[in-house]
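Here is the structure we will look at.
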Amino acid sequence: MSSPLTRLIARLLLVPILLLGLGMLIKGYSETGGGFSGGLIAALGVMLQYAVFGRAAVEQQLPAVTGTALACASLGLLLMLLVTFVPLLWGAPPLSHVPPPDAHVTHLGTLELHTALLFELGIFLLVFGFVIAVLHQVAGGEMP
Amino acid sequence: MPVAPLLLVLLAVPLLLWLGRWRPAITPWLAALTAAGALLLLLAAVGSEPVRWAWATTLDLYLAFHLDGIASLYGAVAAGVGLLIVVYAAGYMPHHLHEQQRALAEQVPFYAWLLLFLAAMLGLVTADDLLLLFVFFDLTAICSYFLIGYDRAYSAQARTAALMALLVTGVTSVAMLAGILLLYAEYGTLAISELASRVQAGVRLDTALALIALAALAKSAQVPLHFWLPRAMAAPTPVSAYLHSAAMVAAGVFVLHRLHPLLELSETVRLGLFVVALLSILIGGLLAIAADELKRILAYSTVAQYGYVTLLLALGGAQGAAAAAYYVLVHALCKSALFMTAGAVTQVTGRKRLSELGGLARPLPGLALVSGIAAAGLAGLPLTAGFFKDELLFKLATEQGLWLQVIAVLAAASTLIYTVRFWVGLFLGPPKRRAEPLPGLLLAPIAALALLTLAGGIIVDPAVKWADHAGSELHHQAAELHAGYKLALTPENLMALAAYALGALLLAARALQPLLARGLRRLDVVGADRAYRLLLHTLNALSHRLHGLEVRDLRDRLAGVFIPAGLLIAAGLIWGPQGERYGVIGFGDATPHLVVALAAVMLVSLLSVRQRRHLGLILTMTGVGLGLAVVFALLGAPDVALVAVLVETTLTLLFIATLALLPEESLRRERRRASILHGGWWRTLAGFAAGGLVFVVAWATLSEPGAELVPERFRQLSESAHAKNIVAAILADFRGLDTLGEATVLFVALLATISLLRTVRRRS
């Protein structure tokens, strides 16, 4: 299914696709993008590796990704739950973002430090973990 | 600080788990130290200021703790008996694990769960907020699952017993939640202390209290939800001695104690409690007399004894509450001692049944003595604290009338019968089995409990005053509990004597015993245990039947959903308000690109109908999706277009991957079947009808005037919400809770997929 050229390109494309996914996540609040799209793009990058190299090879080469997919999804959900329910501790309604509306937002370059970004990160991790876990399982792997 | 004992135990658990990894042998002593510390902190903190932390004021949630008299009584029982149980387990568990050929290190989680259970009990008794009470109540059920099912990997009996206990207590605790929420909806507060002043008698209060009482009675193993307790005897003996004599069954009655001021206002619920109590006393007593297995005798005895407690609570008033508290205290001491005796005897002789044991007084004189004192305490003989628990019961029964006096005497007689049978059957008579020497660690806790029972019988005042204080504090009026030896012919003394005489008489009538035993075994057959199993069996059969009806293949399942849905939507369209639908706009703004894109999508859809091969079908459907993404982009929805493209790509890849895994033979078979079914005019007609319906629905919905797709409010607010992308703002901010809900569904689907695929793989 794969020729040396395909394998080379697939290997080269992995990191840029992952970075593209992260970029989509970060710029999602001001431009098109967001956590869901970013997560899917990142997952597609890993899916490309599965399609070109096969499950066994990917398990060997990217153990950090294939072994922690379920944990990734759980972490994503946990992050979303925290962002939603931690404001209750200081008497605010659920899902009250910090900084509040019309307040000043700290910028790190173009990165805004806003809890909505944490929420989107949670979605990113959840979608990424979901796709990789299902793909790995269907391809015959074992999820820990 | 009322929270101090709870915090101590909670902090000790991870420490115990961590230290246990290196030196398993010290875990019992650490657990014992923790229990002792908790007991001391509890006794030191009695009467301290209640604590109330608001942690989610918008939802009216508080962490409220209050250590009053009744809390200190139950808490001291839980912590004190817990301490002795840990010492006992230090001697019992090594032998138990050795018998099952398990490593000694496996006892570490045992002590951890035991401490966690103690923490749950401490939290339960000090909680001043109804929801907090409920949380700790359920926590005790969860801990009991792991404790009862400690051997669940090795014994099917332990598995079923643990599951049964969890189901019965867990499901009924939902009723408790419903009752609590009813009270909240009616009176607007969850704080127990405030509720007492706000409630008024009525049907709402009755219903709420009935629901809560249901959960409490199931937990305390009262009839008809008593059947889980004898089954739970499959647990290791320290667990039975702790949970099923002093702690878990006490939790149910504690809830009734806590809400006793509210029970005062509800005649109906108290009547119900009365009936349940009488049934439990009767059935528990009879079954205890007839049972043969040591722990089962004690389990049925617990059912009967807690029937007495429920009876005292049902009689109501500060005196009833105080007497019930004293009963719980004394019962815990005596019953856990007897359970520990049963475990010790089983360990040194290897036998569990009364009929196989006898004459153990000679090899085990110490055990015979201390367990004799405990048995005397349970039976209510003088010089033990048990005498006064019965005396208080008799006194309150006298106030109610002759019929209750008769019942009380009969009940006390039955207690005497099965207790004497237990002790005499074990220790007197001809020796039947050889007994190994008894380890000191097993004897010491029983001796301590026997000493306490004896002390309570001689120095009566401290315990009675404690119970009196507890009852008075609950009702804010004096309970006036008095107990003492009166060498006069008071009604209580007469009743006690009558009970002893009756019991002795029936014991002597040996011939009656086997007849009674046989009759009662028949009673158990139609009992609630059978009903529970029948219920589970019926539910399983029903689900099998539904599964058979619903599922033939994927097509039938989809049809089963889509056809009714389509019909309902059509009905809604025809009979719903018509409004100004079905408008037609001119092409105007719509660019030629849009028309071309839409035409392309239509063309590809038509192509997909003609596909025979699976791969072609998948690719044409992807084409439809991508074409629609272009349409979205042209209509000014870039986020939706992006998501559509990504989802199409991912799903196509997943589809093709799955296709590659399917065997070629079955794919060929499906292709042949599809080509055979392709003909048939009525399928074409159905296709056109479905397509037509979707067309009409889309037209009607989208041409509805005034339908605002993105509310103006969102547009205005998104700027101040720091979002230039409205879609992102809607997903993460304005409608963030919807996103959270969908994320939860996604996660659950992930877990289900993984476990299904894992099971299928394991089976093949």
Inset, instruction - Starting from the Cα coordinates of chain B, work out the convex hull volume and express it per residue in Å³. - result: 235 Å³
Legend entry - Dimensionless Rg/Rh of region A:103-144 - Kirkwood Rh, Rg from C-alpha atoms: 1.29
Inset, instruction - Express the Stokes-Einstein translational diffusion coefficient of the protein assembly as shown in µm² s⁻¹, to the nearest whole number, given a Kirkwood radius over alpha-carbon pairs, 20 °C and a viscosity of 1.002 mPa s. - result: 66 µm²/s
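Ordering B:Trp55, B:Trp22, B:Trp113 by how much accessible area each has at a 1.4 Å probe, largest first, what is the list? Could the numbers behind the result be given before it?
Numbers: B:Trp55 100, B:Trp22 170, B:Trp113 70 Å².
These residues rank, largest area first, as B:Trp22, B:Trp55, B:Trp113.
Relative to the compact-globule scaling 2.2 N^0.38 Å, provide the ratio for the alpha-carbon radius of gyration of region B:341-391. Intermediate results must be reported in sequence, preceding the final value.
Values: Rg = 12.9 Å, N = 51, 2.2 N^0.38 = 9.8 Å.
It is 1.31.
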Inset, instruction - Enter the mean projected area of the convex hull around the alpha-carbon atoms of region B:640-764, in nm², rounded to one decimal. - result: 12.7 nm²
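With the contact rule set at Cα under 8 Å and sequence spacing of 6 or more, what percent relative contact order holds for chain B?
Numbers: 1025 pairs, mean separation 73.3, N = 764.
Averaging sequence separation for qualifying contacts and normalising by length gives 10 percent for chain B.
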Inset, instruction - Give the distance, in whole Å, between the Cα centre of region B:370-406 and the Cα centre of region B:655-675. - result: 78 Å
Legend entry - Nearest-ten-degree value, helix B:664-677 long axis tilted from longest Cα axis of chain B: 60 degrees
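At 20 °C and 1.002 mPa s, what whole-number value in µm²/s does Stokes-Einstein give for the translational diffusion of region B:159-208, with Rh from the Kirkwood sum over Cα pairs? Before the final figure, lay out the partial values.
Working: Rh = 12.3 Å.
Estimated via Stokes-Einstein, D reaches 174 µm²/s.
Distance check, please: which entries in B:Lys432/B:Lys486; B:Lys352/B:Lys486; B:Lys295/B:Lys389 exceed 32 angstrom between their Cα atoms? Could you put the intermediate results ahead of the total?
Details: B:Lys432/B:Lys486 42 Å; B:Lys352/B:Lys486 41 Å; B:Lys295/B:Lys389 23 Å.
Distance filter (> 32 Å) returns B:Lys432/B:Lys486; B:Lys352/B:Lys486.
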Legend entry - Taking all pairs of distinct alpha-carbon atoms in chain A, Kirkwood radius in angstrom: 16.5 Å
Legend entry - region A:34-110: translational diffusion in µm²/s, Stokes-Einstein, Kirkwood Rh over Cα pairs, 20 °C, 1.002 mPa s: 137 µm²/s
Inset, instruction - Return a whole-number percent for the relative contact order of region B:152-234, with Cα pairs under 8 Å and 6 or more residues apart as the contact set. - result: 42 percent
Inset, instruction - Could you give the C-alpha radius of gyration of region B:1-42 expressed as a fraction of 2.2 N^0.38 Å, taking N as the number of residues it contains? - result: 1.18
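Taking K and R as +1 and D and E as -1, what net charge do the other residues with C-beta under 14 Å from the C-beta of B:His722 add up to?
Numbers: positive: A:Lys27, B:Lys724; negative: A:Glu31, A:Asp102, A:Glu112, A:Glu120, B:Glu719, B:Asp733.
Taking every other residue near B:His722 into account, the sum is -4.
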Legend entry - In nm, spacing of pseudo-spin labels at B:Ala660 and A:Glu31 (7 Å Cα→C-beta vector): 3.4 nm
Legend entry - Check: the protein assembly as shown dipole with +1 on Lys, Arg Cβ and -1 on Asp, Glu Cβ, in debye: 3860 debye
Legend entry - Over region B:386-491, equivalent-ellipsoid semi-axes from the Cα gyration tensor in Å: 33, 21, 12
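What value, in deg cm²/dmol to 500, does the helix sum -39500 (n - 2.57) over DSSP H runs of n ≥ 4 give at 222 nm once divided by the residues of chain B?
Numbers: 32 runs with 576 residues, N = 764.
That comes out to -25500 deg cm²/dmol.
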Legend entry - Degrees between helix B:592-609 axis and first principal axis of chain B (Cα, 0 to 90, nearest 10): 70 degrees
Legend entry - Nearest 10 degrees, 0 to 90: helix B:614-634 Cα axis against chain B principal axis: 80 degrees
Inset, instruction - Hey, could you grab the Kirkwood Rh for region B:1-123? Inverse mean 1/r over distinct alpha carbon pairs, Å, one decimal. - result: 15.3 Å
Inset, instruction - Rounded, prolate or oblate: pick one for region B:313-405, where a ≥ b ≥ c are the square roots of the eigenvalues of its C-alpha gyration tensor, a/c under 1.5 means rounded, and failing that, prolate if a/b is larger than b/c, else oblate. - result: prolate
Inset, instruction - Take region A:76-122, drop everything but the C-alpha atoms, weight them equally and run the Debye formula without solvent; then report log10 I(q)/I(0) at 0.22 Å⁻¹ to two decimals. - result: -0.79
Inset, instruction - Lys and Arg at +1, Asp and Glu at -1: add these up for the other residues within a Cβ distance under 15 Å of B:Arg362 and post the number. - result: +2
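How big is the antiparallel share of DSSP beta bridges in the protein assembly as shown, given as a percent to the nearest 5?
100 percent
Cα convex hull of region B:270-429: mean projected area in nm², to one decimal?
On the way: hull surface 34.2 nm².
Taking the Cα atoms of region B:270-429, their convex hull projects to 8.6 nm² on average.
The values are calculated or read from the model by the stated rules, or taken from the named source; none is laboratory data. None of these values were measured; they are calculated from a predicted model. Cβ atoms come from the backbone with ideal geometry, glycine included; neighbour counts cover every protein chain shown. Accessible surface is based on the protein model in full, side chains and every heavy atom, while ligands, DNA and RNA are left aside. Shrake-Rupley method; radii C 1.70, N 1.55, O 1.52, S 1.80 Å.
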